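Participant: Okay, handing you the structure first.
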Amino acid sequence: MNPKASHKLQNEKQPYPTPLFLLCCLSLWIFFIEMAMSQNTTIPVKVGVVLDMDTWLGKMGLSCITMALSDFYASHGHYKTRLVLEIRDSKRDVVGAAAAGTLVS
């Protein structure tokens, strides 16, 4: 066979992608979609917070905790666990705080 003729056959471009190429692209696309969807699942972790909500210190403390959680997850969005605050009021009483702590489950 003529070397120029074989070189000409190698340089010809196919007008459409091969079915195998399309199958590989589709498989990769499905794989990446599944990976993205599996990363969106979160695991809630309940955390009990007992504060005296009648004082400015309790209100400020709750505000700081929620802002800290919000800032943390804004910069660490890839974490699968999410803290869920279970907030109870101690009602200005140590016994009330202890009782509120036992109700968080």
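The values are calculated or read from the model by the stated rules, or taken from the named source; none is laboratory data. Note that this is a predicted model, so its numbers are computed, not measured. No Cβ is skipped: glycine too gets one built from the backbone with ideal geometry, and neighbour counts run over all protein chains shown. Each accessible area value is taken on the protein alone, full model and side chains, heavy atoms only, with ligands, DNA and RNA left out. Shrake-Rupley method; radii C 1.70, N 1.55, O 1.52, S 1.80 Å.
Participant: In the stretch 28-61, what residues are outside any helix (DSSP H, G or I), modelled with pLDDT under 90 and hydroxyl-bearing (Ser, Thr, Tyr)?
Facilitator: Thr41, Thr42
Participant: Report whether or not Met67 is open to solvent by 50 Å² or more (accessible area, probe 1.4 Å), farther than 26 Å from Thr41 by Cα and at pLDDT 85 or above. Reasoning before the result, please.
Facilitator: Numbers: open to solvent by 50 Å² or more (accessible area, probe 1.4 Å): yes; farther than 26 Å from Thr41 by Cα: no; at pLDDT 85 or above: yes.
Here the answer is no, as Met67 does not meet what is asked.
Participant: Within the stretch 71-86, which residues are open to solvent by less than 90 Å² (accessible area, probe 1.4 Å) and either in contact (Cβ under 8 Å) with a residue 12 or more places away in the chain or on the phi > 0 side of the Ramachandran plot (or both)?
Facilitator: Once the filter is applied, which keeps residues that are open to solvent by less than 90 Å² (accessible area, probe 1.4 Å) and either in contact (Cβ under 8 Å) with a residue 12 or more places away in the chain or on the phi > 0 side of the Ramachandran plot (or both), the stretch 71-86 yields Thr81, Arg82, Leu83, Val84, Leu85, Glu86.
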